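For reference, the structure is listed below as structure tokens.
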Amino acid sequence: MDYSHIETPERCYADFCLIPVGTGSVSVAEEVAEVQKLLKASGLTYTMHSAGTTVEGSWDEVMKVIGQAHSVVHAKGVVRVQSSMRVGTRTDKKQTAQDKVKRVEDILAKESTSS
């Protein structure tokens with residue numbers, strides 16, 4: 001098999017937590033705010049939560065914006081940035097992060113009305 005021609009999945013979602021290292025502060029709110037501005041400007045669908053952000057779009061767009069997030073934090077003077085990330089893809093249907101949440105909420109709502 002020629003691995004040099006394998007394409008990336010069409011769409012993905014990535015849940016990532018970007019961690020500025022060595023800032024001398026326990027707060028990362030300023031850096032997170034800068035990343036959120038970038039995500040808004042990207043036009044991609046994203047949701048910030050208490051431990052990171054979920055961003056959705058094409059594989060290339062999502063990976064690019066996560067790399068750009070590192071760059072904007074570096075531009076604020078942070079010399080080291082770490083990210084942890086979980087990435088999901090599907091080929092059988094299009095499903096957004098909100099679709100996934102709604103599916104579970106629907107199950108819980110159905111159970112609470114039948115109790």
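The values are calculated or read from the model by the stated rules, or taken from the named source; none is laboratory data. Since the structure is predicted, the reported quantities are computational estimates derived from the model, not experimental observations. All Cβ positions, even for glycine, are placed from backbone atoms using ideal geometry, and neighbour counts span all protein chains on display. Accessible surface is based on the protein model in full, side chains and every heavy atom, while ligands, DNA and RNA are left aside. Shrake-Rupley method; radii C 1.70, N 1.55, O 1.52, S 1.80 Å.
Taking each DSSP H run with n ≥ 4 as -39500 (n - 2.57) and averaging over every residue of the chain yields -14000 deg cm²/dmol at 222 nm.
Counting only protein heavy atoms and using a 1.4 Å probe, what share of the accessible area of the chain belongs to carbon plus sulfur, as a whole percent?
Values: 4390 of 8220 Å².
Ligands and nucleic acids excluded, carbon and sulfur give 53 percent.
Accessible surface area normalised per residue over the chain is 72 Å², counting heavy atoms of protein chains with a 1.4 Å rolling probe. Taking 0.890 mPa s as the viscosity and 25 °C as the temperature, the Stokes-Einstein diffusion coefficient of the range 62-107 based on its alpha-carbon Kirkwood radius rounds to 183 µm²/s. A cut-off of 5 Å between modelled amide H atoms, ignoring neighbours fewer than 5 places along the same chain, links GLY57 with CYS12.
Take the Cα of GLU111, step 7 Å toward its Cβ, do the same at SER27, and the gap between the two points is 3.9 nm.
Looking at the square roots a ≥ b ≥ c of the eigenvalues of the Cα gyration tensor of the chain, which shape do they give, rounded for a/c under 1.5, prolate if a/b is larger than b/c, or oblate? Cα axes put the chain in the oblate bin. The angle separating the long axis of helix 97-113 from the principal Cα axis of greatest extent in the chain is about 40 degrees.
Peptides 69-75, 26-32, 98-104, ordered by how many other C-beta atoms sit within 10 Å of their residues on average, highest first, read 69-75, 26-32, 98-104. Counting only Cα atoms, the range 1-60 measures 49, 25, 18 Å along its principal axes, largest extent leading. Karplus-derived 3J(HN,Hα) values for the range 32-49, using 6.51 cos²θ - 1.76 cosθ + 1.60 with θ = phi - 60°, are 4, 4, 5, 5, 5, 4, 4, 4, 4, 5, 5, x, 6, 7, 8, 9, 7, 9 Hz; glycine and proline are entered as x. In the chain, the longest principal axis of the Cα atoms and the axis of helix 59-75 are about 30 degrees apart. Rounded to the nearest 20, the Cβ-based charge dipole of the chain about its Cα centre (Lys and Arg +1, Asp and Glu -1) stands at 180 debye.
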